[in-house]
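Colleague: Dumping the structure here so I can ask a few things about it.
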Amino acid sequence: MPIMDGWDVLNEFESLSKELPKEIRIYVVTSSVDHEDYKKLKQYKTVKDYFVKPIDRFTVNEILSEVA
């Protein structure tokens, strides 16, 4: 992202989520396999889960069935 990276987006959303009338959960799709990134993601209460690219259609269907 030219202006914000994924971490910036998560930080902004985390601060705005307190004002939202409904709870929204984020599923992160990343190319990172760094364990430190995983630990950092776990600190965000809005992040439901994360998946390392590439993800298959079964994983996408699993996510969609959770949110439907």
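Readers should treat all values here as calculations from the given coordinates under stated rules, not as data from a laboratory. All of these numbers come straight from a predicted model, not from anything done at the bench. Positions of Cβ are generated from backbone atoms using ideal geometry, with glycine treated the same way; all protein chains shown enter the neighbour counts.
Colleague: If you project the alpha carbons of the range 6-67 onto the principal axes, what extent comes out on each, in Å, largest first?
Modeller: For the range 6-67, the Cα spread along each principal axis is 34, 28, 14 Å.
Colleague: Using only helices, what value at 222 nm comes out for the chain when you add -39,500 (n - 2.57) per DSSP H run of length 4 or more and divide by the total residues, to the nearest 500 deg cm²/dmol?
Modeller: Numbers: 3 runs with 30 residues, N = 68.
It lands at -13000 deg cm²/dmol.
Colleague: Moving to a separate point now. Return the distance in nm (one decimal) between the two label points of a simple spin-label model at LYS40 and THR59, each offset 7 Å from Cα along Cα→Cβ.
Modeller: Here the modelled spin labels are 1.9 nm apart.
Colleague: Moving to a separate point now. Count the lysine pairs in the range 6-67 whose Cα atoms sit under 23 Å apart, keeping only pairs 8 or more residues apart in sequence or on different chains.
Modeller: Step by step, the pairs that qualify in the range 6-67 add up to 14.
Colleague: Then there's this: At a threshold of 8 angstrom on Cα-Cα distance, excluding pairs fewer than six apart, so keeping six or more, what relative contact order does the chain reach in percent? Write out the running numbers ahead of the final one.
Modeller: Working: 38 pairs, mean separation 21.7, N = 68.
Averaging sequence separation for qualifying contacts and normalising by length gives 32 percent for the chain.
Colleague: What is the sum of charges, Lys and Arg at +1 and Asp and Glu at -1, for the other residues whose Cβ falls under 12 Å from the Cβ of THR59? All intermediate terms of the calculation are to be shown ahead of the outcome.
Modeller: Working: positive: LYS53, ARG57; negative: ASP49, ASP56, GLU62, GLU66.
Charge balance in the 12 Å sphere: -2.
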